[in-house]
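**Q** Sending over a structure as structure tokens; questions will come in a sec.
The numbers here are math on the coordinates, done by the rules we state, and not lab data. Quantities reported herein were computed from a predicted structural model and do not represent experimental measurements. With ideal geometry, Cβ positions are generated from the backbone for all residues, glycine too; neighbour counts draw on all protein chains shown.
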Amino acid sequence: MAGIPPSTWTSDQPIVRVSDVHKSFGTFEVLKGISFDVRKGEVVCIIGPSGSGKSTLIRCINALVPVTSGTIRVAGIEVADPKLDKLALRRTVGMVFQQYNLFPHKTALANVMMAPLHVLGQNRAEVEVRARALLAKVRLAGKEDAYPGELSGGQQQRVAIARSLAMRPDVMLFDEVTAALDPETVKEVLVTIRELAEEGMTCLLVTHEMNFAREVADHVYFTDRGVIVEHGPPATLFSAAQDERTRRFLSQVL
Ligand code: ADP
Ligand code: MG
């Protein structure tokens, strides 16, 4: 299935719809029936203890991990369809990981240019103009020619964000992108994500940054052991959690 070109995605339907997703590794069921929607322009945070299945879930959405059952639809693309057009999905969903995985022997600019150039086969001059603009957008103007090893963790993570944006995704997935960073560079990455969100980018984040979730998220899901325990707007979830598991988790991280 080819999916709907990003520019025409104007449906009132949620842009991400996860329906009753189960995932097992062998006999171990990691996701036990997860369902939720993300609407266009929303910022949704997934929180929960380590081992809850958050990374597995976000990887299922990007087809990096196949679901055992259930469906996932992103901007009209059926992610679990065996005939999935992976390129269409790559153009629709951007993903940033805890480990930025930049190519160490390529400059920041070359890293950002790579996918549009080699995956999409776009014109080099145009790709370069856009890559420079994206680096400026993540506040890395002047670092175009730096190699990843010459950049701080926070700067590398912002290159990784620019690299994802170069595919012009409709949805960005972030999996604990600040977890490996020094405290002083966490903020600059969160500022970048906040700016993206303010521009209307649909963002789904797994995060331990509760202040960020509280300030930026439209909706927060608390997961534990493969289920969504409870969810709501951050103002409600953080101050009036109903479930004991949520309250215990929040008391440890807030
Ligand atoms: P979280 O991101 O919430 O910490 P994960 O999705 O990484 O949770 O992992 C959830 C559980 O699934 C963990 O117990 C983990 O060991 C297990 N798991 C994750 N990936 C695999 C895999 N590829 N094979 C086997 N078990 C896995
Ligand atoms: Mg994880």
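**Q** I'd like to know which of 153, 177, 117 lies farthest towards the positive end of the charge dipole of the chain, counting +1 on Cβ of Lys and Arg and -1 on Cβ of Asp and Glu.
**A** The one lying farthest along the dipole's positive direction is 117.
**Q** Under a point spin-label approximation (7 Å from Cα along Cα-to-Cβ), what is the residue 253-residue 101 distance to one decimal in nm?
**A** Those two pseudo-labels are separated by 2.2 nm.
**Q** Rounded to the nearest 5, what % of DSSP beta bridges with both residues in the chain are antiparallel?
**A** Rounded to the nearest five, the antiparallel share is 55 percent.
**Q** With a/c under 1.5 counting as rounded, go ahead and sort region 39-123 into rounded, prolate or oblate using the C-alpha gyration tensor (a ≥ b ≥ c being the square roots of the eigenvalues; past the cut-off, prolate if a/b is larger than b/c, else oblate).
**A** Oblate, because a/c is 1.5 or more while a/b does not exceed b/c.
**Q** Take the alpha carbon atoms of region 20-90, find their center, do the same for region 164-226, and report the distance between the two centers in whole angstrom.
**A** Going from one Cα centre to the other spans 17 Å.
**Q** Let me ask something else. Less than 18 Å apart at the alpha-carbon level, and either on another chain or at least 8 residues along: which aspartates and glutamates does that give for residue 106?
**A** The reachable aspartates and glutamates, counting only those whose Cα sits under 18 Å from residue 106, are 128, 144, 145, 150.
**Q** Another question about this same structure. Fully extended, how many nm does the chain gain between residue 17 and residue 39 (0.36 nm per residue separation, minus their Cα-Cα distance)?
**A** Working it through step by step, the gained length comes to 7.1 nm.
**Q** Let me ask something additional. If you take the square roots of the eigenvalues of the alpha-carbon gyration tensor of the chain and sort them as a ≥ b ≥ c, do you get rounded (a/c under 1.5), prolate (a/b over b/c) or oblate?
**A** oblate
**Q** Also: For the cross-link pairs 86/143; 54/187; 40/143; 143/187; 54/86, which exceed 27 Å when the distance is taken from alpha carbon to alpha carbon?
**A** 86/143; 40/143
**Q** If the only charges are +1 at each Lys and Arg Cβ and -1 at each Asp and Glu Cβ, what is the size of the charge dipole of the chain around the Cα centre, to the nearest 20 debye?
**A** It comes to approximately 440 debye.
**Q** What shape does region 109-183 have by the C-alpha gyration tensor, where a ≥ b ≥ c are the square roots of the eigenvalues, rounded means a/c under 1.5, and otherwise prolate means a/b greater than b/c and oblate the rest?
**A** oblate
**Q** Please give the calculated 222 nm ellipticity per residue for the chain, where each DSSP H segment of at least 4 residues contributes -39500 (n - 2.57) and the sum is spread over every residue; nearest 500 deg cm²/dmol?
**A** When only DSSP H runs of four or more count, the value is -10000 deg cm²/dmol.
**Q** Sequence gap at least 6, Cα distance under 8 Å: using those rules, report the relative contact order of region 6-253 to the nearest whole percent.
**A** Rounded, it is 26 percent for region 6-253.
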